[in-house]
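Before any comments, here is the structure.
The values are calculated or read from the model by the stated rules, or taken from the named source; none is laboratory data. Please read all numbers here as calculations on a predicted model, not as lab measurements. Neighbour counts run over all protein chains shown; Cβ positions are idealised from the backbone, glycine included. When the accessible area is computed, the model is the full protein with side chains, heavy atoms only, and any ligands, DNA or RNA have been set aside. Shrake-Rupley method; radii C 1.70, N 1.55, O 1.52, S 1.80 Å.
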Amino acid sequence: MMTGLEGKPSKEFKIKWTERIYRLHLTGIGNHAPRAAGVFEIVLFPPGAEDGEVIYVGYEPEGGSVAQTLTAIFENRGGMPAEKLKVLQENIANAYFDAVSVADIENNEDLMDLAWAVVNQKKPRLNDPKEQAHSGRFSSIGYMEL
């Protein structure tokens, strides 16, 4: 996906998501969410649906914890902007999460760029791709799932 910058190199991250998608509740978060920096997505599976809808992509920078962020989201006390948190809370019974478990990421700029690429590819309704920040280091950013 093109970043809008010219004359810079391209970047393609190699990533692997968690083995499966886990229910967004304290047990699921406690047992399966990364306790370190990373990129995550929240997926809704309405009753009877076979496929989910990615509604939000977030990232936690170095020194942070995806598990703590997801706990704050579940407990309705933060982790994402208030207006987006409200939408998620209205659908919390159908919410699941997934996180990048393996990636060739070296720093916070890589995390930001990977989150930008995921948002721009999946276009979750609670992320505006135009407002999603990237590091400004690349002309295009993508990712390949392993």
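For segment 55-66, 3J(HN,Hα) computed residue by residue from phi via the Karplus equation (6.51, -1.76, 1.60; θ = phi - 60°) reads 10, 8, 10, x, 9, 10, x, 3, x, x, 9, 4 Hz, glycine and proline entered as x. Per-residue accessible area (protein heavy atoms, 1.4 Å probe) orders Arg137, Arg20 as Arg20, Arg137, starting from the largest.
Looking only at Gly52, Gly79, Gly63, which one moves most when the chain is put into a Gaussian network model with springs between Cα atoms under 10 Å? Ranking Gly52, Gly79, Gly63 by mean-square fluctuation puts Gly63 first. The trypsin sites (Lys or Arg not before Pro) of segment 32-94 meeting both criteria, a DSSP state outside H, G, I, E and B (loop) and at most 10 other C-beta atoms within 10 angstrom of the site's C-beta, are Arg77. Taking amide H as placed 1.01 Å from N in the peptide plane, the amide H of Thr3 sits under 5 Å from that of Ser140, Ile141, each at least 5 places away or on another chain.
Taking θ as phi - 60° and the Karplus parameters 6.51, -1.76 and 1.60, the scalar couplings of segment 13-27 work out to 7, 9, 9, 9, 7, 4, 4, 8, 9, 10, 4, 7, 8, 4, 5 Hz in sequence order, x denoting glycine and proline. Accessible surface for Ser10 stands near 80 Å², nearest 10, in the context of the full protein assembly shown (1.4 Å probe). The slack between Ala49 and Glu19, meaning 0.36 nm per residue of separation minus the straight C-alpha distance, is 8.8 nm.
With R₀ set to 41 Å, the beta-carbon distance separating Ile92 from Lys8 gives a calculated FRET efficiency near 0.55. In a fully extended conformation the segment linking Ser140 and Ser65 would gain 24.3 nm over its present Cα-Cα distance, using 0.36 nm per residue. Here's how it looks for Glu12: its modeled amide H is under 5 Å from those of Gly142, which are all 5 or more places away or on a different chain. For the residues Glu50, Glu109, Glu62, a GNM of the chain with alpha-carbon springs under 10 Å puts the largest fluctuation on Glu50.
Computed over protein heavy atoms with a 1.4 angstrom probe, the accessible surface ordering of Phe40, Phe45, largest first, is Phe45, Phe40.
Taking springs between alpha-carbon atoms closer than 10 angstrom, which of Pro124, Pro61, Pro81 fluctuates most in the Gaussian network model of the chain? Residue with maximal mean-square fluctuation among Pro124, Pro61, Pro81: Pro81.
Just to verify a number: what accessible area does Val102 come out at with the full protein assembly present, 1.4 Å probe, Å² rounded to tens? Answer for Val102: close to 80 Å² accessible. Residues whose amide H falls under 5 Å from that of Leu24, counting only those 5 or more places apart or on a different chain, are Ala95, Tyr96, Phe97, with hydrogens built in the peptide plane. Take every DSSP beta bridge whose two residues both sit in the chain; close to 75 percent of them are antiparallel.
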